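Chemist: There's a structure below that I have some questions on.
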Amino acid sequence: MKTFYLLLFLFCSIASFAQTDAPHKKPNNRKKPTSKEWASAYITYQIFVNPDSTFGYDIIQNGKRIVHQTVVPGRTTGSGFVSRTDAAKVARLATRKINVYPKQIPPAITDEELRQLHIR
């Protein structure tokens with residue numbers, strides 16, 4: 001009889017654990033990078049061709065794409081850069097801005113900056 005009650009107790013215990021909420025998600029322990037970590041991060045860019053034969057760029061940090069820019073920033077036309085050189089000029093500016101303002105992703109590129117770079 002003791003064995004019966006022991007088995008009943010074990011069964012009820014297991015059943016009560018099975019009815020608890022779904023397994024808890026692991027907390028997101030990733031912290032935001034510090035200024036020193038951003039300064040030491042390897043940031044580069046890569047130019048690509050859009051389907052409409054215009055150009056865009058990706059900004060890559062430590063092998064991970066953090067910005068994918070298919071159009072000229074701040075322009076309402078919605079098309080990419082006319083030349084690979086224009087895309088590279090803005091990509092270089094964007095990487096410099098990310099190094100200076102690491103919390104502003106994607107970096108803001110103004111019309112004035114585009115004019116200074118002679119972007120068409």
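Chemist: Apply the Karplus parameterisation 6.51 cos²θ - 1.76 cosθ + 1.60, with θ equal to phi minus 60°, to every residue of region 104-116 and state each ³J(HN,Hα) to the nearest whole Hz, in sequence, with x for glycine and proline.
Modeler: 9, 10, x, x, 7, 10, 8, 4, 4, 5, 5, 5, 4
Chemist: In percent, how large is the relative contact order of region 36-116, given Cα pairs closer than 8 Å and 6 or more residues apart?
Modeler: On the way: 116 pairs, mean separation 20.7, N = 81.
Reported as a whole number, the value is 26 percent.
Chemist: Here's a follow-up. Which three semi-axes in whole Å describe the equivalent ellipsoid of region 36-116, each the square root of 5 times a Cα gyration tensor eigenvalue, listed largest first? Walk me through the numbers before you get to the answer.
Modeler: Numbers: eigenvalues 94, 41, 19 Å².
Each semi-axis is the square root of five times an eigenvalue, giving 22, 14, 10 Å.
Only the coordinates and a few stated rules stand behind these numbers; no lab work does. All of these numbers come straight from a predicted model, not from anything done at the bench.
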